[in-house]
Amino acid sequence: MSKKPLIISTDPGIDDIAAMTISLFAAELDVKMIVPTWGNVSLAHTLQNTLDLENFLHTKVPVVKGANQPLVRPAISAASVHGETGIAGFEFEKANDDLLEPGLAATKMYEAIKNSPEKVTLLGVGPLTDFALLFKQYPDVVENIAEVYIMGGNIGHGNHSPFAEYNIAGDPEAAQIVFHSGLPVYVAPLEIGDKAHLTQDQMDKIKECGEVGKMLYSMFSNIHEPDGDTRIKIYDPTAVGIMLHPEFFTLKPANVEIELAGRYTYGASVMDFLSKKHNAQIATDVDTEKFAAWFIDSIKTANNGRK
Ligand SMILES: [Ca+2]
């Protein structure tokens, strides 16, 4: 089986840690680069968290520093959900920056994509600032990209505002650029993360998955949702789920526009399922049992793969 080359843009973030862990050990994937970006917490924290995770997992994927702030708007923080450092609940050993490669993220991604014999897939589980910069700086890059998978957007009520989900509201202009890249975009919206929440039983199984399971269990036990919901929601890995197991999901084509002008609605992902033109496939439902079984299995695989 040829592995899908993948670049991850991420703002770890507890659920990002889970998405990266699964991706780094998935038999179907060859992670070429990780680009931490500003997002849940500042770039300084997301960068360190990424390096610390790789140190913990004993993986060696190059890390390139992503954007420090959104394209246009001031940054918004989600430290109340993920803790001040982004990964409350677990203390990694501090890693050095051996895996950090110098250079601008857009340029480094472009080089990696152009040098890849196969088309590269993009996974965006934070604000999409760096992918937007990549598409704007190097428009020809789209020829060498297979697909884009993102966790972001909402069909119903948002989690940043009534209309907007955090990853999109974080950098709405960037999201609009990504949705209009001309590439196939697969979306795991907020509702899928809500639906695919973990039960205590499933959490207990994760705790049994060795050191990796214990690490994720500790972090997930420390998520504080702004609405006080105590269910364990693991948003970012749902985008990895769509990439590797689309059969677990109901995907519906839609035309997505991001609201950029609204005073109260900016960052809204306007998903038109009735439109004749489509720029995205939206997951509207998920088989929660199959997804959870795969998620737990993937953590087992990661724990076994960690040397
Ligand atoms: Ca994230």
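For (1) on the phi > 0 side of the Ramachandran plot; (2) without any contact (Cβ under 8 Å) to a residue 12 or more places away in the chain; (3) in a strand (DSSP E or B); (4) touching a strand residue (DSSP E or B) at 6+ places or on another chain (Cβ under 9 Å), each residue gets a yes or a no:
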site: L260; (1), (2), (3), (4): no, no, no, no
site: T265; (1), (2), (3), (4): no, no, no, yes
site: S275; (1), (2), (3), (4): no, no, no, yes
site: I282; (1), (2), (3), (4): no, no, yes, yes
site: A292; (1), (2), (3), (4): no, no, no, yes
site: S298; (1), (2), (3), (4): no, no, no, no
*Answer yes if at least one residue in the stretch 68-85 is free of Cβ contacts under 8 Å to residues at least 40 places away in the same chain, assigned to a loop (DSSP other than H, G, I, E, B), small (G, A, S) and touching a strand residue (DSSP E or B) at 6+ places or on another chain (Cβ under 8 Å), and no otherwise.*
no
*Taking interchain pairs and intrachain pairs at least six residues apart, which have beta carbon atoms under 9 angstrom, with the first residue in the stretch 165-192 and under 21 Å from D140 (Cβ atoms) and touching a residue at least 40 places away in the same chain (Cβ under 8 Å) and the second charged (D, E, K, R) and within 14 Å of the ligand (Cβ to nearest atom)?*
A174/D130
*Complete set of residues in the stretch 20-47 that are part of a loop (DSSP other than H, G, I, E, B), within 12 Å of the ligand (Cβ to nearest atom) and at negative phi*: T37, W38, N40, V41
*Restricting the first residue to the stretch 1-21 and requiring it to be touching a residue at least 60 places away in the same chain (Cβ under 8 Å), which pairs with a second residue that is within 9 Å of the ligand (Cβ to nearest atom) and aromatic (F, W, Y) meet a Cβ separation below 6 Å and a spacing of at least six or different chains?*
D15/Y235
*asked:* Just checking: which of the helices (runs of 4 or more DSSP H) contained wholly in the stretch 157-217 hold 3 or more residues that are modelled with pLDDT of 95 or more and farther than 23 Å from T121 by Cβ?
replied: 200-207
*asked:* Kindly evaluate P127 against the criterion of being assigned to a loop (DSSP other than H, G, I, E, B) and within 16 Å of the ligand (Cβ to nearest atom).
replied: yes
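Identify, from the list V240, V270, V256, the residue that is closer than 15 Å to P189 by Cα, in a strand (DSSP E or B) and touching a helix residue (DSSP H, G or I) at 6+ places or on another chain (Cβ under 7 Å). Write out each step before concluding.
Details: V240 fails: in a strand (DSSP E or B); V270 fails: touching a helix residue (DSSP H, G or I) at 6+ places or on another chain (Cβ under 7 Å).
One residue alone meets the criteria, V256.
Considering only residues that are surrounded by 22 or more Cβ atoms within 10 Å (Cβ to Cβ) and aliphatic (A, V, I, L, M), look in the stretch 32-47 and name the one that is nearest to K4 (Cα to Cα).
Going through the stretch 32-47, the residues surrounded by 22 or more Cβ atoms within 10 Å (Cβ to Cβ) turn out to be 34-41, 45-47.
Filter again for aliphatic (A, V, I, L, M), leaving 34-35, 41, 47.
Numbers: I34: 15, V35: 17, V41: 29, L47: 24 Å.
Looking at the filtered set, the residue picked out is I34.
Which residues, taken from the stretch 48-62, are part of a helix (DSSP H, G or I), more than 14 Å from the ligand (Cβ to nearest atom) and crowded, with 19+ Cβ neighbours inside 10 Å? Write out each step before concluding.
At the first step, the residues of the stretch 48-62 found to be part of a helix (DSSP H, G or I) are 48-57.
The next check asks that each one be more than 14 Å from the ligand (Cβ to nearest atom); those that pass are 48, 51-52, 54-57.
Passing the criteria: Q48, L51, D52, E54, L57.
Between E143, E147, which is part of a helix (DSSP H, G or I) and surrounded by fewer than 24 Cβ atoms within 10 Å (Cβ to Cβ)? Talk me through it step by step, then tell me what you get.
Numbers: E147 fails: part of a helix (DSSP H, G or I).
Answer to the check: E143.
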*Among the residues of the stretch 221-245, count how many are of a type in the set (S, T, N, Q) and within 12 Å of the chain's Cα centre (by Cα).*
1
*Kindly establish whether L128 is modelled with pLDDT of 95 or more, more than 26 Å from E289 (Cβ to Cβ) and under 12 Å from the mean Cα position of the chain (by Cα).*
yes
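The values are calculated or read from the model by the stated rules, or taken from the named source; none is laboratory data. Computed from a prediction, not measured in an experiment: that's the story for all the values here. Reconstructed Cβ throughout: ideal geometry from the backbone, glycine too, with neighbour counts over all protein chains shown.
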